[in-house]
1. Can you give the calculated 222 nm mean residue ellipticity of the chain, where each DSSP H run of n ≥ 4 adds -39,500 (n - 2.57) and the sum is split over every residue, rounded to the nearest 500 deg cm²/dmol?
2. Using a 1.4 Å probe on the protein heavy atoms, what percent of the accessible area of region 7-83 belongs to carbon and sulfur?
3. Where does each of D327, D316, D209 land when they are ordered by accessible area, with a 1.4 Å probe and the largest first?
4. Based on Cβ point charges of +1 for Lys and Arg and -1 for Asp and Glu, what charge dipole magnitude is obtained for region 7-83 about its Cα centre, in debye rounded to the nearest 20?
5. Roughly how compact is region 102-329, stated as its Cα Rg over 2.2 N^0.38 Å to two decimals?
6. Only Cα pairs under 8 Å and at least 6 apart count here; give the relative contact order of region 70-149 as a rounded whole percent.
7. Using Cα atoms only, what is the angle between the long axis of helix 331-352 and the major principal axis of the chain, expressed in degrees (0 to 90) to the nearest 10?
8. Counting only pairs 8 or more places apart or on different chains, how many lysine pairs in the chain have C-alpha atoms closer than 17 Å?
Amino acid sequence: MAATITREQILEALRGVKDPELGRDLLELGMIKGVEINGSDVVLHVELTTPACPLKGQIERDITAALKTRVPEVNGIQIHFTAQVRSGMAGRQGEIPGVKNAIAVGSGKGGVGKSTVAAALALALKEHGAAVGLLDADIYGPSIPVMLGVSGQPAVTEDQMIQPLEAGGIRVMSMGFLLPKNEAVIWRGPMLHGAIQQFLHRVRWGELDYLVIDLPPTTGDVPLSLAQLIPLTGAVVVCTPQDVALADAIRAITAFRKLRIPVLGLVENMSYFKCPHCGERTEIFGTGGARLLAEQQGIPFLGGIPIDVSLRELSDQGRIAEVFSSDHPAREPLLEISRQLAAQISVEAAKHARLPKLEIIQ
Ligand code: ADP
């Protein structure tokens, strides 16, 4: 008769299996949530730190290999994955209630597609199953409402909290909702600070895994205000492949570093052109510059997004969410970039998050 497999044997076999990104034992990180043993078959319940985990396949392979070699009696292995995003904000000064991670999207100059990337990444994270909010802090030229085709006055609750609007399955707040149409805004330092403060602490976001913040295209006042007002998990820098844009990206990276905001990675927008007829890929502005820059700066290169006429058209028509409901050429690159970003957020959040109690449910 075959020997009975015990829970202790399985847990012992899992010792040393690490989360590849966090570099720590799955057990120690509290990611093994349950072990079921039915004869020689084992079912494991594993809780990832993001539903957008790019390394799920590798974790599955590592667990399987460890169990097969260390407990040869095991026959079938099933792994059920769930996800619980860890908070990089909870317990820190200036935290936004219910929001686990705030991520700023910035660029060294305007026109590189920062707002497009911010909106698209928020939608991509939602596509993976995360609860996402998008804050348009580009108060000089709020373009998020146009891209998402959302307008209207947000409701204000009895306790004077602003309710974000909903679009494409994410919660959205923009100064554009509060300003009369076509009204130019001239913000001065203290007013700006006040507006950002209202935005951050008077919006009832509810429970969010990720709050993506679209910054104005400068390295000036707004990041400074944000850094002072909320504990950002980190920032993403958007650039295009031209040399001048790369120089601007370095300025943005340096500015975030000065504010002690971790740079989660670099996204190269308008990276290449994919011919809609023959599928051929052309690097219009050269290739490899952003990846090299990221390497030199010691930050992750999160990926590139193609230049695509229909992306601009969908944005202009308030239909950017349709990128994800079709086989749009930007869909896969955006989903992959959002996975890489989510992994970096998990790494940063792990530095702040309290680890869950090591509690394994039988
Ligand atoms: P920023 O926020 O950096 O000023 P925007 O996101 O407003 O830039 O983008 C500037 C313009 O470029 C917009 O018209 C937008 O639709 C277009 N755009 C951005 N990214 C792409 C892309 N990958 N392909 C085609 N057009 C793009």
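1. Per the formula, -10500 deg cm²/dmol.
2. Percent of accessible area from carbon and sulfur atoms in region 7-83: 44.
3. D327, D316, D209
4. Dipole of region 7-83, to the nearest 20 debye: 120 debye.
5. Against the empirical 2.2 N^0.38 Å value, I get 0.99 for region 102-329.
6. About 17 percent, as a whole number.
7. 70 degrees
8. Lysine pairs satisfying the spacing and distance rule in the chain number 8.
The values are calculated or read from the model by the stated rules, or taken from the named source; none is laboratory data. Source: prediction; values computed, not measured. Cβ atoms come from the backbone with ideal geometry, glycine included; neighbour counts cover every protein chain shown. Quick note on the areas: whole protein, heavy atoms, side chains included, nothing else; ligands and nucleic acids left out. Shrake-Rupley method; radii C 1.70, N 1.55, O 1.52, S 1.80 Å.
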